Amino acid sequence: MTGRVVACRQEDRCLVRTTVTLNFNYYMFMSYRKGLMALCVAVLCSPGLYAQSASSGRLLSVDEMFRLADENSKSIQTYSTAREAADQALQAAKAQRLPDVSASLSVSYLGDGRLWDRDFSNGTNIPMPHFGNNFALEAQQVIYAGGAVNSSIALAELGQQMAGLDAQKNRQEIRFLLIGYYLNIYKLVNQRQVLQKNLELAEQVIRNMEARRNQGTALKNDITRYELQRETLKLQLAQVEDARRIMNHQLVTTLHLPAGTEIIPDTTLLSSDVPALAESDWQQMALQSNLALQQSGLSVEMGKQKVKLERSELLPKVALVAAEHLDGPITIEVPVLDNNFNYWYVGVGVKYNISSLFKNNKKLKQARLNARKAQEEHELAAEQVENAVQAGYVNFLTSFTDLHTQEKSVQLADENYRVTSNRYDNDLALLTDMLDAGNMKLSADLALVNARINVVYNYYKMRYITHIL
């Protein structure tokens, strides 16, 4: 494997390009003083090899993965429904500005009346018409409610915005979760390929050791050593494959792809540009885009509107009223008049709840305390976001340090392998030395690709913290 990192800095911005060139080599060594054959194969595996071999799977890029999540994720759909419900809540709040109109109609049977003196003597039966009817049409338009209607509408608008932010935040969380699945699959595929080639190497060594044992130049315990190594590799390979299958299933389920789909990560992801901005740039983006900050800010505004809503209960309510009535018979006359009586009126009504003076003052105080609490939580959220960005940025820089360290390790492992192979050719090193050198090179190559994946992961984590993923 060869790796190349090109870095440039301009106005505190660093653009890092990681380019992975992956090669697969067999080294065959066919010289030994007594004419015996010794074989050592050094194998380097790459995700590119997996992409070529697993043609039955589905090659999935990050952008396509995000698109599928937006279309198919049940979680995202749930929050979309919640946003629609918030939209309807706003419409319902605005409807409070419309007039209240009511109509009533009743038909009744009236029995005869009874008339007494004041001492309930001399009772007289009063015949009455038995058919009674009543019709009323009333309308009321609130013209002043102490700001209650406007506050209710403002709260509904803030709730609508909160639902939108909830949906966006859930979308960011789903995307970051998918990135974790995706990059973990990338790493596990890498490990699987390395373990498979190590297993092939162990099998090859065992065959050669058996040949040497038949010629009397190797011991049984040497073969047993590699047989133990082979079994250990088989166990590790099974564990890695099981972990990959679990991660693959979780990703497929979240994206609602057909069952059994095998996800193949896009290997070009490691060669994409990774902009490493200055910490101040990330902090500024967090202040502008972090959804938790925006939500806590909305909570502050909602607290203020609730204070206004409670204060409105201490104020009178004024409304325009109009009514139309048609009643019959007229029972206020004796004898009763078997006629229909129609009357109407318009006017201004004033209503004041006197009990609010000693009841709502407690609620108003509670609303003010909740508003102050929301402001304090907003300030706390700002501190937490600032700390999260700082910690994420430090880890981001650490991933670059790890990448450079692993590149140096690969360089040293390649040099060690080259020197050991030359010594082996000249009968100055043992087969075990070659195996150790090969294993060291394989481990270094694997660590390098994982380090590149960590750089990409920390970059996406910074985007998640700032909510621009």
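The values are calculated or read from the model by the stated rules, or taken from the named source; none is laboratory data. Every value quoted in this text rests on a predicted model; they were computed, and no experiment measured them. Here the Cβ positions follow ideal geometry from the backbone for every residue, glycine too, while neighbour counts run over all protein chains shown. For accessibility, only protein heavy atoms count, side chains too; no ligands or nucleic acids. Shrake-Rupley method; radii C 1.70, N 1.55, O 1.52, S 1.80 Å.
Only one residue in Val394, Val389 is over 24 Å from Gly303 (Cβ atoms), surrounded by 14 or more Cβ atoms within 10 Å (Cβ to Cβ) and of a type in the set (Val, Ile, Thr). Which one?
Step by step, each of Val394, Val389 is checked, and only Val389 is over 24 Å from Gly303 (Cβ atoms), surrounded by 14 or more Cβ atoms within 10 Å (Cβ to Cβ) and of a type in the set (Val, Ile, Thr).
How many residues, within the stretch 182-228, are open to solvent by less than 40 Å² (accessible area, probe 1.4 Å) and either basic (Lys, Arg) or in a helix (DSSP H, G or I) (or both)?
22
Starting from the stretch 319-338, keep only residues that are surrounded by fewer than 16 Cβ atoms within 10 Å (Cβ to Cβ), then list their pairs with residues that are part of a loop (DSSP other than H, G, I, E, B) whose Cβ atoms are within a distance under 7 Å, requiring at least 6 positions of separation or different chains.
Close Cβ pairs satisfying both conditions: Leu326/Asn340; Ile330/Val336; Ile330/Asn339; Leu337/Pro329; Asp338/Pro129; Asp338/Pro329.
Which of the following residues is open to solvent by 70 Å² or more (accessible area, probe 1.4 Å) and not hydroxyl-bearing (Ser, Thr, Tyr): Leu442, Leu428, Leu403, Leu364?
Of Leu442, Leu428, Leu403, Leu364, the one residue that is open to solvent by 70 Å² or more (accessible area, probe 1.4 Å) and not hydroxyl-bearing (Ser, Thr, Tyr) is Leu428.
Looking at (1) out of contact with any Ser or Thr (no Cβ under 9 Å at 6 or more places or on another chain); (2) buried (at least 17 other Cβ atoms within 10 Å of the Cβ); (3) of a type in the set (S, T, N, Q); (4) more than 30 Å from Glu173 (Cα to Cα), which one does Ser312 not meet, given that it meets all the others?
(1)
Checking the structure you have, find out if any residue of the stretch 152-164 is open to solvent by 30 Å² or more (accessible area, probe 1.4 Å), modelled with pLDDT under 95, touching a helix residue (DSSP H, G or I) at 6+ places or on another chain (Cβ under 9 Å) and β-branched (Val, Ile, Thr).
No, that holds for no residue.
Please enumerate the residues belonging to the stretch 69-79 that are open to solvent by less than 50 Å² (accessible area, probe 1.4 Å) and part of a helix (DSSP H, G or I).
Once the filter is applied, which keeps residues that are open to solvent by less than 50 Å² (accessible area, probe 1.4 Å) and part of a helix (DSSP H, G or I), the stretch 69-79 yields Ala69, Asn72, Ser75, Ile76.
Tyr459: loosely packed, with under 15 Cβ neighbours inside 10 Å and in contact with a strand residue (DSSP E or B) (Cβ under 9 Å, 6 or more places away or on another chain), yes or no?
no
Restricting attention to the stretch 385-401, does a residue exist that is of a type in the set (S, T, N, Q), part of a helix (DSSP H, G or I) and more than 28 Å from the chain's Cα centre (by Cα)?
The answer is yes; a qualifying residue exists.
If you scan the stretch 350-361, which residues turn out to be without any contact (Cβ under 8 Å) to a residue 12 or more places away in the chain and open to solvent by 80 Å² or more (accessible area, probe 1.4 Å)?
Correct list: Ile354, Phe358, Lys359.
Can you name every residue in the stretch 415-446 that is at pLDDT 90 or above and closer than 28 Å to Val189 by Cα?
Passing the criteria: Glu415, Asn416.
If a residue has to be under 27 Å from Leu314 (Cβ atoms), part of a loop (DSSP other than H, G, I, E, B) and in contact with an Asp or Glu (Cβ under 8 Å, 6 or more places away or on another chain) to count, how many in the stretch 115-148 make the cut?
Within the stretch 115-148, residues that are under 27 Å from Leu314 (Cβ atoms), part of a loop (DSSP other than H, G, I, E, B) and in contact with an Asp or Glu (Cβ under 8 Å, 6 or more places away or on another chain) number 1.
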